[in-house]
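The block underneath contains the structure these notes are about, expressed in structure tokens.
The values are calculated or read from the model by the stated rules, or taken from the named source; none is laboratory data. For clarity, every value in this text was computed on a predicted model and none was experimentally measured. Counting neighbours? That spans all protein chains shown, and the Cβs are built from the backbone with ideal geometry, glycine included. Note: accessible area is taken over every heavy atom of the protein model, side chains too, but ligands, DNA and RNA are not part of it. Shrake-Rupley method; radii C 1.70, N 1.55, O 1.52, S 1.80 Å.
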Amino acid sequence: MAKDIDWGSLDFSYRETDYSYVSMYKDGKWDEGKLTGDHTVTMSECACVLQYSQSCFEGLKAYTTEDGRIVCFRPDLNAQRMADSARRLEMPPFPEDRFVDAVREVVKANIDWVPPYGSGATLYIRPYMFGYNSVIGVKPADEYMFRILVTPVGPYFKGGAKPVVVRIPDFDRAAPHGTGGIKAGLNYAMSLHPIMEAHREGFNENMYLDPATRTKVEETGGANIIFIKDHGKTLVTPKSDSILPSITRRSICWIAENMLGMKVEHRPVLFSEVPEMEEMGLCGTAAVISPVGQINDHGRIINIPSGMDEMGPTTKKLYDTLTGIQMGRIKAPEGWIFEV
């Protein structure tokens with residue numbers, strides 16, 4: 001039976017549910033894994049993750065569709081990206097097929113926590129992995145814990161996605177040839193000071209430029225960037241080895257090209273090109289697309305023509321199509337929807 005929750009009033013924060021999923025890596029192999037009602041983690045004070053931040057994570061959602069099915073959106077790509085992150089951090093990848101099965105298992109076990117269709121809420125799914133055993137010299141751990149927690153969340157933006165103001169910070173998001181292209185916890189740790197500084201100055205997010213030349217657009221602290229130009233006919237997304245390969249962004253690009261008949265350019269984008277763009281959005285799992293209305297570059301203001309009142313028309317079309325696919329209102333491309 002569904003939980004007695006005012007789904008429409010949920011914010012985007014953690015609430016403990018019935019079960020999490022846990023699997024341990026020891027003696028060179030992963031164990032069978034299991035559901036657990038214990039939401040605490042006990043480990044050595046010298047655990048590798050506490051000393052050297054050896055950890056990575058993913059984020060995806062479970063939805064109730066219009067016809068009452070419970071589904072996830074492209075979890076195979078999360079499995080693949082987490083395996084890539086693990087390899088870069090010298091961690092043993094959790095098998096991709098088992099990742100998808102574990103997502104299904106933990107969502108099924110918490111089925112009463114999946115918000116109903118039309119509530120605006122979803123079940124957020126957070127798989128994560130970390131170095132578990134004690135390590136004092138700088139080296140990878142020998143034992144790892146893989147877990148999945150789930151928690152019901154409301155929409156990332158209450159009252160709709162109003163255009164935000166972003167700034168160009170004096171910080172870099174990732175080093176050239178660094179870990180910007182994987183979902184490592186350490187990437188987000190370094191973004192905390194810049195984002196809090198941005199908030200203190202009245203901005204919603206930081207828009208990072210490439211660390212080598214500071215002339216090209218990369219991404220924000222937690223989202224890929226998309227631009228619209230040519231009277232809504234072209235979608236442009238920045239390309240760089242330092243950018244996390246967003247599953248939402250890749251899906252938006254496919255929709256633009258194959259469903260909306262747009263031209264898609266995935267290429268390096270010079271910051272000097274941005275004033276020519278008609279619409280701009282930040283895309284990721286949590287918000288899907290958050291429109292940008294203004295960029296502040298150390299006092300120089302760049303106004304995006306779509307403005308500060310609402311999401312631009314082409315961005316809105318992309319948003320409506322993607323969320324329509326996720327919620328079952330629009331027929332999904334083959335393999336995109338994973339039924340629980």
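Sort 100-113, 27-40 by packing, meaning the average of other beta carbons within 10 Å per residue, with the highest value first. Could the numbers behind the result be given before it?
Values: 100-113: 19.3, 27-40: 11.3.
Top to bottom by mean Cβ count within 10 Å: 100-113, 27-40.
The label-point distance for TRP254 and GLU90, in a model that sets each label 7 Å from Cα toward Cβ, rounds to 3.5 nm. Checked against a 20 Å cut-off, the cross-linked pairs LYS216/LYS239; LYS162/LYS183; LYS239/LYS263; LYS229/LYS316; LYS61/LYS331 give Cα-Cα distances beyond that limit for LYS162/LYS183.
Per residue, the solvent-accessible area of the stretch 1-62 (1.4 Å probe, heavy atoms of protein chains only, all protein chains present) comes to 60 Å².
For the stretch 45-105, the Cα-based Rg and Dmax, in that order, read 14.6, 49 Å. On a per residue basis, the stretch 207-327 carries 39 Å² of accessible surface, using protein heavy atoms and a 1.4 Å probe. About the centre of its Cα atoms, the stretch 65-175 shows a dipole size close to 360 debye [charges on the beta carbon of Lys, Arg (+1) and Asp, Glu (-1) only; nearest 20 debye]. Apolar share of the accessible surface for the chain: 50 percent from carbon plus sulfur atoms, 1.4 Å probe.
If the only charges are +1 at each Lys and Arg Cβ and -1 at each Asp and Glu Cβ, what is the size of the charge dipole of the stretch 285-340 around the Cα centre, to the nearest 20 debye? Spell out each step's value before the answer.
Values: 5 positive and 6 negative charges, 18 e Å.
Using only the charged Cβ atoms, the result is roughly 80 debye.
Using Cβ point charges alone (K and R +1, D and E -1), the dipole size of the stretch 1-82 about the Cα centre works out to roughly 300 debye.
Think of the stretch 125-265 as a dipole: +1 on every Lys or Arg Cβ, -1 on every Asp or Glu Cβ, centred on the Cα centre; then among TYR128, LEU192, GLY154, GLY154 lies furthest on the positive end. Among TYR52, SER9, ILE70, whose Cα projects farthest towards the positive end of the dipole of the stretch 1-86, with charges put on the beta-carbon of Lys, Arg (+1) and Asp, Glu (-1)? Value: TYR52.
Less than 20 Å apart at the alpha-carbon level, and either on another chain or at least 8 residues along: which lysines does that give for LYS26? Straight-distance partners of LYS26: LYS34, LYS139.
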